[in-house]
Amino acid sequence: MWDAVARFAKEIRVSEFMSDMISRRDAYGSDGVMGALDCATLYGLTRWLRPVVVVESGGFIGMSSAFILKALVDEKLATSKLYSIELSEDCEQGVLIPDELRSEFEPVRGRIEDLLKANRLPESVDMFLHDSSHSYRHMLWEFRAFWPRLRDGGLLVSHDVQMNAAFPEFVTKTYAHEKKTGRRDFQRSSHHEWGRWGYIGFAIKKGSTG
């Protein structure tokens, strides 16, 4: 996994696509928008996982969305779909996304809590990206809400994990340990592996994808 993600991330960092997206971002305004390193990590994780259903919260103007969509296209995943949730009615949702990547883009407006209650989001998800409100309470709530929706081998991803202790706390709760040895109990732990690159944290739900 690690070698593949690193290879994909390296490829996209030196690509014309990265240069174009940075130019788009800077022309529009980079405040609150994901940086190059985290975009490359997100691209690498997406290409490695090859998800069919992706949900992201806080899609905003589409920087992260563009890299997810680019990864889906580069993996030739024609039936994949990105559901991008944005609460604010004022922002131009997904405006940075190049036109050629929009066929797999599904913008959704509203509060994520309301969308879940109204069953407006997929019940089974391959990959979930948190990038909305980075308050401790809301981050932890989103992790807990989407973890059960992830398929085995699915990926929970969070941006700005350095903001508070929500992500490491959530990962800790997915561990189970043997009482005598203190070692990880693989049968009762609900994640397969987890890590952090830059400001991106991720956890793979139990059930390896390879």
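Bear in mind that the values in this text are calculations on the coordinates, not laboratory data. A quick note: this is a predicted structure, and the numbers were derived from the prediction, not measured. Positions of Cβ are backbone-derived with ideal geometry, glycine not excepted, and every protein chain shown enters the neighbour counts.
Which peptide among 142-149, 183-190, 125-132 comes first, and what is the full order, when sorted by highest mean count of other Cβ atoms within 10 Å?
Details: 142-149: 18.0, 183-190: 11.4, 125-132: 24.9.
Top to bottom by mean Cβ count within 10 Å: 125-132, 142-149, 183-190.
What are the residues whose amide H is under 5 Å from the amide H of His191, where those residues sit 5 or more places off or on another chain and H is modelled from the backbone?
Lys206
How many Lys pairs in the chain lie less than 29 angstrom apart by Cα atoms, where the lysines are 8 or more positions apart or on different chains?
So the count of such lysine pairs works out to 22.
Using the alpha-carbon atoms, what tilt in degrees (0 to 90, nearest 10) does helix 2-13 show relative to the longest principal axis of the chain?
Once rounded, the angle reads 10 degrees.
Where both residues lie in the stretch 2-205, what percent of DSSP beta bridges are antiparallel, nearest 5? List each step's numbers first, then the result.
Numbers: 12 of 31 bridges.
Counting only bridges with both partners in the stretch 2-205, antiparallel ones make up about 40 percent.
Packing-wise, with mean Cβ within 10 Å as the measure, how do 193-203, 35-45, 18-28 rank, highest first? Intermediate results must be reported in sequence, preceding the final value.
On the way: 193-203: 19.1, 35-45: 23.5, 18-28: 15.0.
Highest mean packing first, the order is 35-45, 193-203, 18-28.
Taking neighbour Cβ counts within 10 Å as the exposure measure, how do Phe60, Phe8 sort from fewest upward?
Numbers: Phe60 24, Phe8 21.
Sorted ascending by nearby Cβ count, the order is Phe8, Phe60.
Equivalent-ellipsoid semi-axes (√(5λ), Cα gyration tensor) for the stretch 166-210, whole Å, largest first?
Working: eigenvalues 82, 37, 13 Å².
Rounded to whole Å, the semi-axes are 20, 14, 8.
Ignoring everything except DSSP H segments at least 4 long, calculate the 222 nm mean residue ellipticity for the chain; use -39,500 (n - 2.57) per segment, divide by total residues, nearest 500. The partial results should precede the final answer.
Details: 7 runs with 76 residues, N = 210.
Roughly -11000 deg cm²/dmol at 222 nm, from the helical runs in the chain.
Under the Kirkwood approximation for Rh and a Cα-based Rg, what ratio Rg/Rh is obtained for the stretch 2-205? Could you put the intermediate results ahead of the total?
Numbers: Rg = 16.6 Å, Rh = 17.2 Å.
Here Rg/Rh amounts to 0.96.
With the dipole of the stretch 1-53 worked out from charges on the C-beta (+1 for Lys and Arg, -1 for Asp and Glu) around the Cα centre, which of Ser19, Leu37, Val52 lies farthest toward the positive end?
Working it through, the farthest residue towards the positive pole turns out to be Val52.
Using the 10 angstrom Cβ neighbour count as an exposure proxy, how do Lys205, Lys173 rank, fewest first?
By the 10 Å Cβ count, ascending, the order reads Lys173, Lys205.
Anyone know which of Val161, Val55, Val95 comes out most mobile in the 10 Å Cα GNM of the chain?
Val95
Starting with the highest mean, order 105-115, 80-90 by the number of other Cβ atoms within 10 Å, averaged over the residues of each peptide. If you can, show how the numbers build up before the last one.
Numbers: 105-115: 15.5, 80-90: 18.6.
Output ranking for 105-115, 80-90: 80-90, 105-115.
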